[in-house]
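No lab work stands behind these numbers, since they all come straight from the coordinates. Note that the structure is a prediction, hence the values are computed from the model and not measured. Cβ coordinates were reconstructed from backbone atoms using ideal geometry, including for glycine residues, and neighbour counts include every protein chain displayed.
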Amino acid sequence: MPREINQVIEQLSKIEASSAEILSGAEEQKRAYAAEMEQKKKEFDNALSEQTEAKLKELRDTLNAEAEQNLQALRAETETQSNRLEEWYNANHTRLAEELFEQIVRS
């Protein structure tokens, strides 16, 4: 009977050693998988960051182009109004000066 117990203990010891090897291998696979997932996450984050930067640059460029167009239109409108005002002044400055003079004299 002690021999049978020794055999059982020996078998249990082998099973335990085998289990330890399996667990060790599983732990190593787990670490390798975690490292692989971390690398994939970094690659995804980098790709997403690049895409985001590209889209932001595109939007900035579009907004800058629109702002420049609006600025050009505003400059043109300002120039037109300035020219009209100058034409009106040139056409009416003598009359305005006479009216102003008359008002000062009457006061």
Between the residues F101, A76, A20, the Cα farthest towards the positive end of the dipole of the chain, that dipole coming from +1 and -1 charges on the beta-carbon of Lys, Arg, Asp and Glu, is from A20
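Only Lys, Arg, Asp and Glu count, each charged at its Cβ (+1, +1, -1, -1), so figure out the dipole size of segment 1-75 about its Cα centre, rounded to 20 debye.
140 debye
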Based solely on its DSSP helices, what 222 nm [θ] is calculated for the chain when runs of n ≥ 4 H residues each add -39,500 (n - 2.57) and the sum is averaged over all residues, nearest 500 deg cm²/dmol?
-> -38000 deg cm²/dmol
Taking the alpha-carbon centroid of each part, what is the distance from segment 3-37 to segment 76-92 in angstrom?
-> 94 Å
Mean-square fluctuation maximum in Gaussian network of the chain, Cα pairs under 10 Å, restricted to Q51, Q39, Q11, hits Q11
What number comes out for the charge environment of E21, summing +1 per Lys or Arg and -1 per Asp or Glu over other residues with Cβ under 13 Å away?
-> -2
Report ³J(HN,Hα) in whole Hz for each residue of segment 90-107, in order, from the Karplus equation J = 6.51 cos²θ - 1.76 cosθ + 1.60 where θ = phi - 60°; Gly and Pro get x.
-> 4, 6, 10, 5, 5, 4, 5, 5, 5, 5, 5, 4, 4, 5, 5, 5, 6, 6
Of [x] 16.0; [y] 6.5; [z] 10.1, which is the value of mean projected area of the Cα convex hull in nm² derived from the coordinates here?
-> [x]
Residue span K30 to E99: 0.36 nm per residue of separation minus Cα-Cα distance leaves a gain in nm of 15.2 nm
